[in-house]
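Asker: First the structure, which I've put down as structure tokens, then a few questions once you've had a look.
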Amino acid sequence: MTRTIPSQTLPLPTEADTSALGAKLARLMQAGDCILLEGPVGAGKSHLARAFIRERLGRQEDVPSPSFTLVQVYDAGDVEIWHADLYRLTHPDEVWELGLDEAFGRAICLVEWPDRLGRHLPPGALHLRLAVKGDGRMAHLSGGRDGVLQAVADG
Ligand SMILES: Nc1ncnc2c1ncn2[C@@H]1O[C@H](COP(=O)(O)OP(=O)(O)O)[C@@H](O)[C@H]1O
Ligand SMILES: [Mg+2]
């Protein structure tokens, strides 16, 4: 039976821990899933996304921050991975022009600065908020598809 937990807080003392969380999530996400990566500049959103994409692609892909291109699309064979950084979005309806609305339904989407999505926010997304804590980070996860948070907690 799938158990549901409402939220989870994880300490990430080193950047290797952030990478490990990204890789773990890469093994759990399916087509149509979305992770909303929240937190300030330098929190580790792109770092986590890079580990996610490399794990899912199975190789040490070059994963540039999409801060200027807004989206980078990766072909993971069975599914596309869309990595978005919406910091520079000037209007939520640009989300439509980027093709993100359509991607939410069929790809795996990793979205930095998801507050820019406005009414385009996909329902049922996993919220992953990163915060700086001392030399490390804290991750707070909530929402997402049934069973995903429990699977993260189970290790
Ligand atoms: N758990 C951690 N502890 C310490 N440093 C981390 C941790 N996770 C990531 N970092 C570092 O923090 C920086 C985050 O940069 P980046 O991922 O570009 O941030 P963002 O995309 O949130 O602006 C990187 O230099 C990364 O190595
Ligand atoms: Mg970033």
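The values are calculated or read from the model by the stated rules, or taken from the named source; none is laboratory data. These figures come from a predicted structure and were not determined experimentally. No Cβ is skipped: glycine too gets one built from the backbone with ideal geometry, and neighbour counts run over all protein chains shown.
Asker: If you take just the helices (runs of 4 or more DSSP H) that sit entirely in the range 46-155, which of them hold at least 3 residues that are loosely packed, with under 13 Cβ neighbours inside 10 Å?
Answerer: 100-106
Asker: Identify the single condition in (1) assigned to a loop (DSSP other than H, G, I, E, B); (2) at pLDDT below 95 that P40 does not satisfy, given that it satisfies every other one.
Answerer: (2)
Asker: If you don't mind, there's one more thing I want to ask. Hey, does the range 51-67 have a residue that's among the small types (G, A, S) and within 18 Å of A139 (Cβ to Cβ)?
Answerer: Taking every residue of the range 51-67 in turn, at least one turns out to be among the small types (G, A, S) and within 18 Å of A139 (Cβ to Cβ).
Asker: Among L89, L48, L57, L12, which is modelled with pLDDT of 95 or more and within 23 Å of P123 (Cα to Cα)?
Answerer: Only one candidate qualifies: L48.
Asker: Can you report the number of residues in the range 119-151 which are within 16 Å of ligand 1 (Cβ to nearest atom), of a type in the set (D, E, K, R) and within 15 Å of the chain's Cα centre (by Cα)?
Answerer: Number of matching residues: 1.
Asker: Right, next: Taking S19, is it within 16 Å of ligand 1 (Cβ to nearest atom), more than 18 Å from P114 (Cβ to Cβ) and in contact (Cβ under 8 Å) with a residue 12 or more places away in the chain?
Answerer: It is true that S19 is within 16 Å of ligand 1 (Cβ to nearest atom), more than 18 Å from P114 (Cβ to Cβ) and in contact (Cβ under 8 Å) with a residue 12 or more places away in the chain.
Asker: Considering only the range 46-69, state which residues are within 14 Å of ligand 2 (Cβ to nearest atom) and either under 14 Å from the mean Cα position of the chain (by Cα) or among the β-branched types (V, I, T) (or both).
Answerer: If the condition is that a residue be within 14 Å of ligand 2 (Cβ to nearest atom) and either under 14 Å from the mean Cα position of the chain (by Cα) or among the β-branched types (V, I, T) (or both), then S46, H47, L48, A49, R50, A51, F52, I53, V63, S65, P66, T69 are the ones that fit.
Asker: Can you work out which of the residues in the range 72-122 that are touching a Gly at 6+ places or on another chain (Cβ under 8 Å), of a type outside the set (A, V, I, L, M) and under 18 Å from I53 (Cβ atoms) is nearest to ligand 2 (Cβ to nearest atom)?
Answerer: Residue satisfying both the conditions and the ranking: F104.
Asker: Here's another thing I want to ask about it. Kindly provide the set of residues from the range 30-45 that are crowded, with 19+ Cβ neighbours inside 10 Å and more than 9 Å from ligand 1 (Cβ to nearest atom), ordered by number.
Answerer: Answer for the range 30-45, where residues must be crowded, with 19+ Cβ neighbours inside 10 Å and more than 9 Å from ligand 1 (Cβ to nearest atom): D33, C34, I35, L36.
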